[in-house]
Protein chains: 2
Amino acid sequence: VTAPRTPSLDDLIAARAVAVIGASRDPGRIGGRPIDFLRRAGFEGRLYPVNAKYAEVQGLPCYPSVTALPEPIDLAVIAVPAKEVAAVLGACAARGAKGAIVYTSGFAETGQDGQALQEELTRAAREHGLRIIGPNCQGLAALHRRLNLSFSSALLDTGAPGSVGLVAQSGAVGGMLASLLQERGIGLSHWFSTGNEADVDLAECIEFLAGDAATRVVGAYVENVRDGRRLLRALAAARAAAKPVVLLRAGRSAQGARAAASHTGALAGRNAVTAALLRDAAAIEVTEIGDLLDHVYLLARVAPPSSPRVGIVSNSGGLGVIMADTCADLGLEVPPLPAAAQDRLRTVLPAFGATGNPVDTTAQLLADHSLIGRSLAAVLDVADVDAVVVALSMVNRLYPVARIVDEVVRVARAATKPVLAVWTAAAPEGAERLQSGGVPVFTDASGCLRALAAACRWASTPRPAAPPSDGPLEPDRARAARALIDAAGGGVLDEHASKSALRLYGVPAAEERLVTTAAEAVAAADALGYPVALKACASRIAHKSDHGLVRLGLGTAAAVAAVAGDLGERLRVSFPDVAARFLVQRMAPPGGIEMVLGSQRDPAFGPVVMVGLGGIFVEHLRDVAFAAAPLDREAARRLVQSLRAAPLLQGARGRPPLDDEALAEALVALARFAVDLQDRVREVDVNPIVVLPRGQGVLAVDALVVAD
Amino acid sequence: VTAPRTPSLDDLIAARAVAVIGASRDPGRIGGRPIDFLRRAGFEGRLYPVNAKYAEVQGLPCYPSVTALPEPIDLAVIAVPAKEVAAVLGACAARGAKGAIVYTSGFAETGQDGQALQEELTRAAREHGLRIIGPNCQGLAALHRRLNLSFSSALLDTGAPGSVGLVAQSGAVGGMLASLLQERGIGLSHWFSTGNEADVDLAECIEFLAGDAATRVVGAYVENVRDGRRLLRALAAARAAAKPVVLLRAGRSAQGARAAASHTGALAGRNAVTAALLRDAAAIEVTEIGDLLDHVYLLARVAPPSSPRVGIVSNSGGLGVIMADTCADLGLEVPPLPAAAQDRLRTVLPAFGATGNPVDTTAQLLADHSLIGRSLAAVLDVADVDAVVVALSMVNRLYPVARIVDEVVRVARAATKPVLAVWTAAAPEGAERLQSGGVPVFTDASGCLRALAAACRWASTPRPAAPPSDGPLEPDRARAARALIDAAGGGVLDEHASKSALRLYGVPAAEERLVTTAAEAVAAADALGYPVALKACASRIAHKSDHGLVRLGLGTAAAVAAVAGDLGERLRVSFPDVAARFLVQRMAPPGGIEMVLGSQRDPAFGPVVMVGLGGIFVEHLRDVAFAAAPLDREAARRLVQSLRAAPLLQGARGRPPLDDEALAEALVALARFAVDLQDRVREVDVNPIVVLPRGQGVLAVDALVVAD
């Protein structure tokens, strides 16, 4: 006997028999909408209203209970009070249901009692092998299957199914997005409101859409990343399937997170880390609703070119200039047109028109509508142009709007490159005519160009390689590091123990000796070679340099002896219960620069590493980059390269180039350490790590491991 | 006899008798439009078409020439071929005209021949004491005076005059802005298309609007800042009159500047400097057309609060979260509401609504439209809230749209704080109803919040103090510096001469001696005290350290002697024609950080100073700030404070605080130097200048003065 397979979203969406439990006779009420919507959608399976109060609901026979249904069901929609949900789930499972969509609110989003109810619901679902969407959600719609099980008023009229999949952690936002996309003629493939995500989460929906044949683009509204690794896997699957995922993430700020908490009962992850990891996974992150819509719209309508050379054709020179600047801001090139193309344009345009790119037809377009089509055709024929934006401004009732638009449509239809239109004009019928003619149209030039730039960036992102394995590669090494942490008794490890643990993984540190007396210190310094640094070594004392417990550049035995005495005295006075232990450390050779490496265990994403400019600049210049651990050498190199300070490693102002390769290697080592010891290590801070001239490696000068 | 006063824009706009030269019978043609527009506007003065071809134009008697007119004229509109314009100007002046609006193109924007024609036009105007708008412009409109002298089709229907003044260096962009603002119910006070700006420029128009009683807000489209100082004065006048100026500047990027050049024949100024100076002058700079419109719209409709505490009321929790994040991005606070306000909201909202701020009415608004008004009133009553944004999403045909909107309008009208509406909903009639009810409405939440943030920032900007005087404060000092430059023969001054000139103005530099032999070097080092630096001193050799011609930290006479010998040898080999001159310089004491100071002569703005993080970080971290010179101590402090690295000066990581005051003083001194010597000095680069611990001052370690 094999254990029954856990149903997938595919299984739920293949439902042929659906029960709506808590069915309402009023198609405007929550329990009435899915019945109304399902019938409007033309669902070809069987639909069973369940409500003990009615014999008939919206013209369908209504059943007093799930048990009383005439046949087994595949999927249930549940709109009964929160306390009854768990029991209803059991009944559904008994009638063969593979999943349930729970609209009911009053669960984790309302506090402790609700949290307990949600846990009960989760247990019931797991016990019965049922998948759950929600609770506190607005359902889902699988439009190519005519399955519309939502109560969002945005899904009342869905129009023809299309290629955009939407997933939202807020039903209202999901509805708003659906409604505004539909207004722009965009059809949806699927729509998910995931609610409290007791079971099915955003990541699973994205993974499903990545594998769905009808979906070409995914739009997502995210308030709470529950399982970051799963989300990264889903994004990798989407990237592998060449489906862009555009993501609007809210709760990025403290005040946003506070608002999100009152809204969904969830905490927002840390923003910089999350943003970096999502970007790394080729997600297209936006921060505005308008951008989410523009990006999804563009990606649903055109195949983005990977190189970003843009032709601009406008009837206003100024608008062309503004757009050329915006292109520059966004990294989109607006190449000057070759002489032959300019000659051709000169035969088309009036003498005062511009032929260079942006092309300016001037207001002469008022007198001759063919100018726009002929200019567009000339620019499309230029090999160095990958996409063309036609921007029409102030084409008001004095202009032959329909004829101008039809020219654009005619040429765009024949084109093999994307043609986008910007319509910043008073006559809205022009935009509608472009849209219905099949030319994607934007009312905001910047919004259009931001979407184009993001699409091009996405198209040129390499498909991610398989990440390195998660398991410890060398169990002995992991065991040894664990033993060091155990020996230190966990908590904050002192500098010496921290470096020892990291050294096991191949993070190089300055050579040092642990001593307890001035005489030992001098002996150690003699052995290491001068100059040396002398530091108190105690995990309990934070900010040692503030207490005068760190002394650098000691050049003689006498200096070492004197400073060791002084440090001992300071310890006795300020920290009487701290044992006098000192680190004698060989000073790093000159010519390097100070960087910082770190790792932390992110609540959503697990172990994450960081590299940045170190020393006194860490805090104020915030030139840091993050990546999920583990990572390979190539990813580590890319991370280092992404720093603003990266060119300093190549040798600035006549300095020698530095050992960036050794820095990348140390980063890979730290990442492996963070992964292997993720059950024990909360945080690692290597600051500074000195990057020496090329060939001389890197040296961790200070380090701190924080264990559980 | 007093010389006749040069007419001002006020004089032009007060015109009672206007001639249109090159008048057309077709009201759709350039020479026909102003006649049509002026009559539509209800102009109460006299209007004279001039064209030798017609006896009558659009129902008015037409005259063969200006000379033939029955009375003197105040203002002429000129639409005759470029070659005839100068002669026509003379004829107009002879008939008493104070100014002319020259529509005609074919001047500086078309190349050298056009440039010559434009110079001829400028000469004629100056000779006759005429003011010129244009050439190559689309005219002006002074709507409160019913004077509409444009041919922009956007001004065909201007609606009621209002409080927004628009100035544009592109007629097409100016028309687009006018048309899109009118669509949002915004009336204009004045509209200027300045064209090639042979005489009246953008700055003069802004200065005029600053003094115009009808104007409350100025919107400007800028491609080319001709006289930067004049623009700064105009902006200061607007700030003093409490009139915000919102500015969309194009040609910021290389590809934008190239496009602008092909459009107007003008070069774009350097972007970072321009942006910094405009920001300093309280201009609100935007980079998108949509932002320009949103900003002007908001400022025309509400008095911006200076503190940015925002209340958010929405019918979608998710939309509230997104907006709270956007507020955080923009520096707008969304304060949690006090307990009493939350208690009041709990009596209004359903249990699952959010009362904290953002306030979420939930979709319950569908059933009870009064929720929105009662929530809005509760939030408006909170003392800690300065403005409220009501965001309605997806209020579609299922909702009682009119009743919801009327609730918002009713409460907003009674409010003493600004109420803004965001309408991201499918039913456009709601937005229209809000607008006609007097509530400013935006279709994009981010656009609304960006405008609000900019308005608040503007309202809290202190009115600028009078800038320091431009003339040399101490003529002797200026003379002495000039003598040093003359002695060096101009061009690039060597390090020693550069520092000497700067020292005269009070920029402190490390103590140093200029020597020519190893023996002199040792004597100088003995006198200065060890350690010293030794450098070759020759203006001809750039990047001395790349040639091994800079040696730091020489601790003994023997080292100085050896290095002096070595430098001499290197010079002989690599630069045989450079005299062996060396600088012996006392090393700066430890504990400081390297900053950079600089000045440059900006083609548009004149002398400008810069301060930034120095050393190897200058180039890659680009942490620099600019200001117009001269500047006072307070402005210098603010400039230093604006750096990301500013906290480093306060002492980072247990380091002592540094002498930021001395740095500000050096900046003031350098600015004065740049102003006094602006006729000779092109550029100054003080890099690095070491900022020592507080009380110890700053020391310029290297410096370069580039003279003409």
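The values are calculated or read from the model by the stated rules, or taken from the named source; none is laboratory data. Quick caveat, the model's predicted, so the values are computed rather than measured. Here the Cβ positions follow ideal geometry from the backbone for every residue, glycine too, while neighbour counts run over all protein chains shown. Remember, those area values only see protein heavy atoms, side chains included, never the ligands or the DNA or RNA. Shrake-Rupley method; radii C 1.70, N 1.55, O 1.52, S 1.80 Å.
Of the candidates B:GLU520, B:GLU495, the single residue that is farther than 29 Å from B:LEU621 by Cα and in contact with a strand residue (DSSP E or B) (Cβ under 9 Å, 6 or more places away or on another chain) is B:GLU520. Looking across segment A:606-624 at every residue that is modelled with pLDDT of 80 or more and of a type in the set (Gly, Ala, Ser), the one that is farthest from A:ARG638 (Cα to Cα) is identified as A:GLY606. Would you pick out the residues in segment B:323-338 that are open to solvent by less than 10 Å² (accessible area, probe 1.4 Å), hydrophobic (A, V, I, L, M, F, W, C) and facing chain A (nearest Cβ under 7 Å)? Those that are open to solvent by less than 10 Å² (accessible area, probe 1.4 Å), hydrophobic (A, V, I, L, M, F, W, C) and facing chain A (nearest Cβ under 7 Å): B:ALA324, B:CYS327, B:VAL334.
Scanning segment B:504-519 for residues that are open to solvent by less than 10 Å² (accessible area, probe 1.4 Å) and of a type in the set (Val, Ile, Thr), we see that the one that is farthest from the chain's Cα centre (by Cα) is B:VAL515.
In the set (1) under 30 Å from A:ALA391 (Cβ atoms); (2) surrounded by fewer than 21 Cβ atoms within 10 Å (Cβ to Cβ); (3) within 14 Å of chain A (Cβ to nearest Cβ); (4) not small (Gly, Ala, Ser), B:PRO81 fails one condition alone, (1).
Applying the set (1) over 20 Å from B:VAL608 (Cβ atoms); (2) of a type outside the set (D, E, K, R); (3) in contact with a Ser or Thr (Cβ under 7 Å, 6 or more places away or on another chain); (4) assigned to a loop (DSSP other than H, G, I, E, B) to B:LEU209 leaves exactly one unmet item: (4). Considering segment A:132-170, the residues that are closer than 18 Å to A:GLY31 by Cβ and open to solvent by 10 Å² or more (accessible area, probe 1.4 Å) include one that is nearest to the other protein chains (Cβ to nearest Cβ), namely A:SER153. Looking at segment A:78-164, the strands (runs of 3 or more DSSP E) lying wholly inside it that each contain 1 or more residues that are over 30 Å from A:ARG184 (Cα atoms) sit at A:99-102, A:131-133. Quick check on B:VAL385: is it part of a loop (DSSP other than H, G, I, E, B), aliphatic (A, V, I, L, M) and within 14 Å of chain A (Cβ to nearest Cβ)? Criteria met by B:VAL385. Of all residues in segment B:480-503, those satisfying the criterion of being without any contact (Cβ under 8 Å) to a residue 40 or more places away in the chain and either among the aromatic types (Phe, Trp, Tyr) or surrounded by 13 or more Cβ atoms within 10 Å (Cβ to Cβ) (or both) are B:ALA480, B:LEU484, B:SER500, B:ARG503. Exactly one residue out of A:TRP423, A:TRP458 is open to solvent by less than 40 Å² (accessible area, probe 1.4 Å) and within 14 Å of chain B (Cβ to nearest Cβ), and it is A:TRP423. Checking every residue in segment A:49-69 against the condition of being touching a Phe, Trp or Tyr at 6+ places or on another chain (Cβ under 8 Å), crowded, with 19+ Cβ neighbours inside 10 Å and under 26 Å from A:TRP191 (Cα atoms) gives at least one match. Starting from residues that are more than 39 Å from the chain's Cα centre (by Cα) and assigned to a loop (DSSP other than H, G, I, E, B), keep the ones in segment B:339-363 and report whichever is surrounded by the most Cβ atoms within 10 Å (Cβ to Cβ). So the residue we want is B:THR361.
Let's see how each residue does on (1) hydrophobic (A, V, I, L, M, F, W, C); (2) touching a Gly at 6+ places or on another chain (Cβ under 7 Å):
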{"residue": "A:LEU9", "(1), (2)": "yes, no"}
{"residue": "A:ALA23", "(1), (2)": "yes, yes"}
{"residue": "A:GLU44", "(1), (2)": "no, no"}
{"residue": "A:VAL50", "(1), (2)": "yes, no"}
{"residue": "A:GLN58", "(1), (2)": "no, yes"}
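When we screen A:PRO34, A:PRO4 for residues that are under 35 Å from the mean Cα position of the chain (by Cα) and modelled with pLDDT under 95, the only hit is A:PRO4. Counting only helices (runs of 4 or more DSSP H) that sit completely within segment B:217-319, those holding 3 or more residues that are in contact with a helix residue (DSSP H, G or I) (Cβ under 6 Å, 6 or more places away or on another chain) and either more than 30 Å from B:LEU117 (Cα to Cα) or more than 11 Å from chain A (Cβ to nearest Cβ) (or both) correspond to B:228-240, B:289-301. Applying a threshold of 7 Å to beta carbon distances and a minimum spacing of six or more residues, or different chains, the list of pairs starting in segment A:319-338 at a residue that is farther than 14 Å from A:VAL379 by Cα and ending at one that is among the basic types (Lys, Arg) reads A:ASP325/B:ARG252; A:LEU330/A:ARG450; A:GLU333/A:ARG309.
Just one of the listed residues (B:ALA236, B:ALA214) is of a type in the set (Gly, Ala, Ser) and touching a His at 6+ places or on another chain (Cβ under 7 Å), and it is B:ALA214. Only one entry in A:SER189, A:SER193 is closer than 29 Å to A:GLY106 by Cβ, touching a strand residue (DSSP E or B) at 6+ places or on another chain (Cβ under 9 Å) and open to solvent by less than 20 Å² (accessible area, probe 1.4 Å), namely A:SER193. Meeting the requirement of 2 or more residues that are open to solvent by less than 20 Å² (accessible area, probe 1.4 Å) and within 14 Å of chain B (Cβ to nearest Cβ), the strands (runs of 3 or more DSSP E) wholly within segment A:552-638 are A:593-602, A:606-613. Out of B:ALA367, B:ALA425, B:ALA402, B:ALA451, one residue alone is more than 20 Å from B:LEU337 (Cβ to Cβ) and free of Cβ contacts under 8 Å to residues at least 12 places away in the same chain. It is B:ALA367. The selection criterion, being open to solvent by less than 20 Å² (accessible area, probe 1.4 Å) and at pLDDT 95 or above, does not hold for B:THR264. The set of residues in segment A:649-662 that are in contact with a helix residue (DSSP H, G or I) (Cβ under 6 Å, 6 or more places away or on another chain) and either facing another protein chain (nearest Cβ under 10 Å) or assigned to a helix (DSSP H, G or I) (or both) comprises A:LEU649, A:ALA652, A:ARG653, A:GLY654, A:ASP660. Among residues of segment A:667-683 that are under 23 Å from A:LEU699 (Cβ atoms), those with a beta-carbon under 6 Å from a residue that is among the aliphatic types (A, V, I, L, M) and open to solvent by 10 Å² or more (accessible area, probe 1.4 Å) at least six positions away or on a different chain give the pairs A:ALA671/A:LEU631; A:GLU683/A:VAL706.
For A:VAL690, the criteria (1) touching a Ser or Thr at 6+ places or on another chain (Cβ under 8 Å); (2) open to solvent by less than 20 Å² (accessible area, probe 1.4 Å) hold in every case but one, which is (1).
Of the residues screened, B:LEU380 is not one that is in contact with an Asp or Glu (Cβ under 8 Å, 6 or more places away or on another chain), over 19 Å from B:ASP444 (Cβ atoms) and more than 12 Å from chain A (Cβ to nearest Cβ). If you check B:LEU549, B:LEU583 for being in contact (Cβ under 8 Å) with a residue 24 or more places away in the chain and within 22 Å of B:ALA510 (Cβ to Cβ), only one passes: B:LEU583.
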